[in-house]
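Q: What follows is a structure written as structure tokens; I'll ask about it next.
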Amino acid sequence: MKVLVVGNGGREHAIAWKLVQSPQVSLCLCVPGNGGTANLAKCENISLSVEDFAGISELCKDNQVDLVIAGPEVPLSLGITNYLQAENIKVFGPDQVGAQIEASKSWAKALMDEAGVPTALGETFTDAKLAQEYIAQQGAPIVVKADGLAAGKGVIVASTVEEAQNAIAELFELGFEKLVVEEFLVGEEVSVLALTDGITVRPLLPAQDHKRIGEGDTGNNTGGMGVYAPAPIAPTELMEKITQEVLQPTVETLRKRGIDYRGVLYAGLMVNEGKIKILEYNCRFGDPETQAILPLLETPLEEVLLACAEQRLSEFPPLQWKVASSVCVVLASAGYPGAYEKEKVITGIHQAEQQPAVVFHAGTKMQSGQLLTDGGRVLGVTATGGTFTDAIAQVYQAVEKIDFEGKYYRRDIGHRALKH
Ligand code: AMP
Ligand code: GLY
């Protein structure tokens with residue numbers, strides 16, 4: 001089987017890494033891929049933009065690609081699936097309408113209401129004054145969400161009315177035309193990524209991301225500084241409830257609307273004393289969640305993703321998992337999520353991988369035979385162990401072998417797993 005992975009982050013490296021482990025996969029093209037996928041056996045990076053659908057389609061035809069896996073939300077929300085399907089190419093990832101589940105917070109909120117899934121009370125606004133009046137009535141803390149893809153920067157959790165009202169003004173000034181204002185939820189977050197073929201839903205192991213830059217979950221929001229799986233906050237009974245009360249009704253509602261959603265349905269949930277509320281949906285694999293989840297998956301990834309694309313997930317055997325704990329620590333550039341420098345020489349990856357651990361590249365590039373930093377999140381280091389204590393010890397030993405100027409990472413990834 002020949003596959004093509006769209007994207008260039010740690011998530012796409014993890015997907016490609018898992019795909020090429022299968023003897024059934026003879027070729028994995030990565031568009032554009034990164035310094036990590038460049039070094040994988042059977043993998044080839046192709047320097048095309050993720051938005052160059054015509055180029056990707058031609059590449060698929062020239063290489064007889066059997067399945068395209070779209071990693072990031074941007075090409076999905078621009079309709080990569082519609083484009084390739086029209087050319088008879090199979091894609092894992094929802095079409096442009098389905099991708100609105102992530103691309104439009106107001107669309108997603110309306111869908112949640114229609115599906116009857118538990119979520120925060122909220123309202124959608126197109127007028128700043130009305131939104132500000134609503135906030136004054138509701139009081140703080142309160143959450144403001146931009147209606148549109150904002151690379152993780154569109155959500156403001158405001159602790160005062162003034163902060164929320166300023167956020168409203170700023171987001172409208174930035175050009176967003178719609179905002180969602182919603183109730184602040186307390187609890188512990190969990191990411192539940194499910195594979196779906198538009199009818200059947202198969203959740204992956206639950207994962208917990210660490211979104212803030214600082215230890216103890218302080219400071220600015222980031223794309224994710226580390227993650228672990230399976231998250232003990234979501235044991236089997238809770239996963240069953242999430243499947244029955246959130247994932248399944250959501251897919252049924254999409255279907256009722258005529259949306260053929262074949263890809264990942266990612267539910268970001270707040271758990272509080274066993275009660276769940278949905279914070280957001282994403283239309284793709286999580287990053288860094290994927291870097292912790294896929295090392296535990298034993299089922300060949302290409303088989304189950306193809307089953308989704310061909311809408312025969314109900315016939316597919318149950319997913320098989322290693323009974324182990326997995327922890328991924330993100331190494332970032334100094335300054336991230338604000339401004340940071342690039343092109344710092346990275347050393348020690350080989351030594352880290354002796355630990356044993358696997359090093360996923362998120363923002364790296366090869367230049368004149370040297371591996372250089374090329375992004376805010378640079379690497380994701382994952383280790384698995386019999387317990388979280390083991391996995392955490394292993395992962396940090398590996399992390400310490402790696403060096404680049406300005407290397408920053410959180411030292412407390414997995415702290416909540418230890419508490420449970
Ligand atoms: P979202 O992109 O909607 O997941 O929001 C990003 C982050 O903001 C989430 O991971 C939460 O940490 C936080 N957040 C979003 N909505 C809420 C809410 N209603 N209450 C509390 N925190 C929230
Ligand atoms: N880890 C958060 C996300 O993928 O959106």
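Q: For a quick check: with amide H placed at 1.01 Å from N, whose amide H comes under 5 Å from H210's, ignoring anything fewer than 5 positions away on the same chain?
A: M225, G226
Q: Can I ask one more? Report the FRET efficiency, 1/(1 + (r/R0)^6), for A41 and E87, where r is their Cβ-Cβ distance and R0 is 41 Å, rounded to 0.05.
A: The computed FRET efficiency comes out at 0.90.
Q: Follow-up. For the chain, build the charge dipole from Cβ charges (+1 Lys, Arg; -1 Asp, Glu) around the Cα centre, then report which of L48, I278, H415 sits farthest towards its positive end.
A: H415
Q: Might you report the magnitude of the Cβ-based charge dipole of the chain about its Cα centre, with Lys and Arg at +1 and Asp and Glu at -1, to the nearest 20 debye?
A: 660 debye
Q: Using alpha carbons only, how many angstrom separate the centre of the stretch 26-101 from the centre of the stretch 141-178?
A: 32 Å
Q: A further question on this structure: Which GluC sites (Glu not before Pro) in the stretch 317-370 sit in a loop by DSSP (not H, G, I, E or B) and have at most 16 other Cβ atoms within 10 Å of their own Cβ?
A: E341, E343
Q: Within the stretch 286-308, which residues have the backbone N less than 15 Å from the label spot 7 Å out from K322 along Cα→beta-carbon, could you tell me?
A: 290-301
Q: Quick one: 3J(HN,Hα) in Hz for the stretch 190-200, Karplus 6.51/-1.76/1.60 with θ = phi - 60°, rounded, Gly and Pro as x.
A: Once θ is set to phi - 60°, the couplings for the stretch 190-200 become 9, 9, 10, 9, 10, 8, 9, 10, x, 10, 8 Hz.
Q: While we're looking at this one, here's another question. Can you send over the carbon and sulfur percentage of the accessible area for the stretch 1-154, probe radius 1.4 Å, protein chains only?
A: On the stretch 1-154, the fraction of accessible area on carbon and sulfur atoms equals 47 percent.
Q: So how much slack lies between S49 and T299, counting 0.36 nm per residue of separation and subtracting their Cα-Cα distance, in nm?
A: Separation in residues times 0.36 nm, less the Cα-Cα distance, equals 87.0 nm.
Q: Further question: What is the list of residues in the stretch 160-180 whose amide nitrogen lies under 20 Å from a point 7 angstrom out from the Cα of N220, following Cα to Cβ?
A: 160, 163-176
Q: Extension gain R255-H420, at 0.36 nm per residue separation less the Cα-Cα distance, in nm?
A: So the extension gain works out to 55.7 nm.
Q: Test of understanding: express the Cα radius of gyration of the stretch 1-156 as a ratio to 2.2 N^0.38 Å, with N the residue count.
A: With N residues counted in the stretch 1-156, Rg over 2.2 N^0.38 Å equals 1.30.
Q: To the nearest 20 Debye, how big is the dipole of the stretch 141-204 about its Cα centre, given +1 on the beta carbon of each Lys and Arg and -1 on that of each Asp and Glu?
A: Value, rounded to 20: 260 debye.
Q: Could you pull the Cα extents of the stretch 165-308 along its three principal axes, largest to smallest, in whole Å?
A: Taking max minus min along each principal axis of the Cα atoms, the stretch 165-308 gives 47, 39, 29 Å.
Q: Next up: Charges at C-beta only: +1 for Lys and Arg, -1 for Asp and Glu. How large is the resulting dipole of the stretch 7-90 about its Cα centre, in Debye rounded to 20?
A: That gives the stretch 7-90 a dipole magnitude of about 320 debye.
Q: Further, regarding this structure: Once R0 is set to 30 Å, what does the formula 1/(1 + (r/R0)^6) return for the Cβ-Cβ distance between E240 and V186, expressed as a FRET efficiency to the nearest 0.05?
A: 0.80
Q: Which residue, chosen from N166, L205, F184, occupies the Cα position most advanced towards the positive end of the dipole of the stretch 154-220, where the dipole is computed from +1 (Lys, Arg) and -1 (Asp, Glu) charges on Cβ about the Cα centre?
A: Farthest along the dipole direction, towards plus: L205.
Q: Nearest-5 percent of antiparallel DSSP beta bridges in the chain?
A: Looking only at bridges with both residues in the chain, the antiparallel portion is about 80 percent.
Q: Still on this model: Just going by the charge dipole of the chain, with Lys and Arg at +1 and Asp and Glu at -1 on Cβ, which of P295, Q132, Q248 is farthest out on the positive end?
A: Positive-end residue among those listed: P295.
Q: Ok, one more. Which pairs, out of K2/K342; K2/K344; K105/K322; K42/K211; K211/K241, put more than 27 Å between their alpha-carbon atoms?
A: The pairs that break the limit, which is 27 Å between Cα atoms, are K2/K342; K2/K344; K105/K322; K42/K211.
Q: Can you tell me which of 236-242, 375-381, 74-80 comes out highest on packing, and rank the rest after it, using the mean Cβ neighbours within 10 Å?
A: Result, highest mean first: 375-381, 74-80, 236-242.
Q: Shifting gears a bit: Which order, highest average first, do 98-104, 177-183 follow once you tally other Cβ atoms within 10 Å for each residue and take the mean per peptide?
A: Descending packing order for the listed peptides: 98-104, 177-183.
Q: What are the ³J(HN,Hα) values, in whole Hz, obtained from phi via the Karplus relation 6.51 cos²θ - 1.76 cosθ + 1.60 with θ = phi - 60°, for each residue of the stretch 377-382 in sequence order, with x given for Gly and Pro?
A: Taking θ as phi minus 60°, the curve returns 8, 9, 9, x, 9, 10 Hz for the stretch 377-382.
Q: Then there is this: Would you compute, from DSSP H runs of 4+ residues alone, the mean residue ellipticity of the chain at 222 nm, taking -39500 (n - 2.57) per run and dividing by the full residue count, rounded to the nearest 500?
A: -8500 deg cm²/dmol
Q: Could you estimate the translational diffusion coefficient of the chain from the Stokes-Einstein equation, with Rh from the Kirkwood formula over C-alpha pairs, at 20 °C and 1.002 mPa s, in whole µm²/s?
A: It comes out at roughly 99 µm²/s.
Q: Give or take rounding to whole Å, what are the principal axis extents of the alpha carbon atoms in the stretch 304-420, in descending order?
A: Ordered largest first, the stretch 304-420 gives principal extents of 49, 37, 29 Å.
Q: Further question on the same structure: May I ask you to order 364-373, 383-392 by the average number of other C-beta atoms within 10 Å around their residues, highest value first?
A: Order by mean packing, descending: 383-392, 364-373.
Q: Cα centroids of the stretch 182-213 and the stretch 388-420: how far apart, whole angstrom?
A: Using only Cα atoms to place each centre, the spacing works out to 22 Å.
Q: Now a separate question. Could you tell me the accessible area of K401 in Å² (1.4 Å probe, neighbours in place), rounded to the nearest ten?
A: 100 Å²
Q: Here is a further query. Kindly write out, for the stretch 325-338 in residue order, the coupling ³J(HN,Hα) from the Karplus curve 6.51 cos²θ - 1.76 cosθ + 1.60 (θ = phi - 60°), rounded to whole Hz, with x marking Gly and Pro.
A: Computed from phi, the couplings for the stretch 325-338 are 10, 10, 9, 10, 10, 8, 9, 10, 7, 3, x, 4, x, x Hz.
Q: Quick one: accessible area per residue over the stretch 259-395, 1.4 Å probe, rounded to a whole number of Å²?
A: Ligands and nucleic acids excluded, the figure is 37 Å² per residue.
The values are calculated or read from the model by the stated rules, or taken from the named source; none is laboratory data. Only a predicted model underlies this, so the values are computations on that prediction, with no experimental measurement involved. Every residue, glycine as well, gets a Cβ built from its backbone with ideal geometry; the counts of neighbours run over all protein chains shown. Note: areas computed on protein heavy atoms with side chains; ligands, DNA, RNA excluded. Shrake-Rupley method; radii C 1.70, N 1.55, O 1.52, S 1.80 Å.
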